[in-house]
1. Amide H neighbours of residue 77 under 5 Å, counting only residues 5+ apart in sequence or on other chains, H built in-plane at 1.01 Å?
2. Just the number, please: percent antiparallel of the DSSP beta bridges in the chain, rounded to the nearest 5.
3. For the chain, set up a Gaussian network in which alpha carbons nearer than 10 Å are linked by springs, and say which option among 107, 62, 136 fluctuates the most.
4. When the Cα centres of segment 43-74 and segment 123-159 are compared, how far apart do they sit, in Å?
5. Using a 10 angstrom cutoff on alpha carbons, build the Gaussian network for the chain and name the most mobile of 128, 80, 116.
6. Have a look at 69, 53, 92 and tell me which one the Gaussian network model of the chain (Cα, springs below 10 Å) gives the largest fluctuation.
7. Quick one: 3J(HN,Hα) in Hz for segment 155-165, Karplus 6.51/-1.76/1.60 with θ = phi - 60°, rounded, Gly and Pro as x.
8. If you work out Cα extents along the principal axes in Å from the coordinates, which of [x] 48, 43, 32; [y] 50, 32, 30; [z] 41, 34, 32 do you get?
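Nothing in this text is a laboratory measurement; each read-out follows from the coordinates by a stated rule. Worth saying up front: this structure is predicted, and the values here are computed from it rather than measured.
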Amino acid sequence: MCKQCEINPVYEFTNKRKLCKTCFIRWFNKKILYTNRKFKLIQKNDLIGYSNSGNFRDVVLENILLLFSEKFFIETIKLPNKRKPNKIALGSTTDSEAEKIVFMFLEQETISKFFPIQKKQGKIFITPLCLFLDKEVLLYAKLKKLKFKKIKKKNTFIDKLEKNHPEIKRAIIKNFFKE
């Protein structure tokens, strides 16, 4: 049962805490706002560009940017667009970032510190979903009844590790996190 509502849960954390649909959506939105506040990803009057390929990450990113546009008076545009955004939002999650880090490690590449706001080639990239697992983002999309293309997820090396070590993806990100 959901600890707060005494309703059947839709999600269970690794610490066995359970959340119902309403509490999960509230938790997700609060965590998004926390991520934005902590890393100063989006600020008043920003023009945020994003692309939406239709997968669950991009659909949730678009939904979250709409939430930000209401709260912070920002404007969002789909890329490509004639107007130039001052920041570009990416639908990257803990899963995708951890996978990149492990891949770079295995290839013996230099691993730079992870940070949800990065400057590359004169552009600013932000990753508002960086503290969420894919399964959390997917559940959010389903609970909010967002339309997305179903993609077949490959069972990667890190996914196999996660079965025995449930917090491995978050631990990888935390290890390379730049505070």
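1. The answer is 48, 49, 50.
2. Working: 6 of 15 bridges.
Expressed as a percentage, antiparallel bridges in the chain total about 40.
3. With Cα springs under 10 Å in the chain, the top fluctuation among 107, 62, 136 is at 107.
4. So the two Cα centres are separated by 15 Å.
5. Comparing 128, 80, 116 in a Gaussian network model of the chain, the most mobile one is 80.
6. Sorting by GNM fluctuation, first place goes to 53.
7. 7, 7, 4, 5, 5, 5, 5, 5, 4, 9, 10
8. Given [x] 48, 43, 32; [y] 50, 32, 30; [z] 41, 34, 32, the calculated one carries the label [x].
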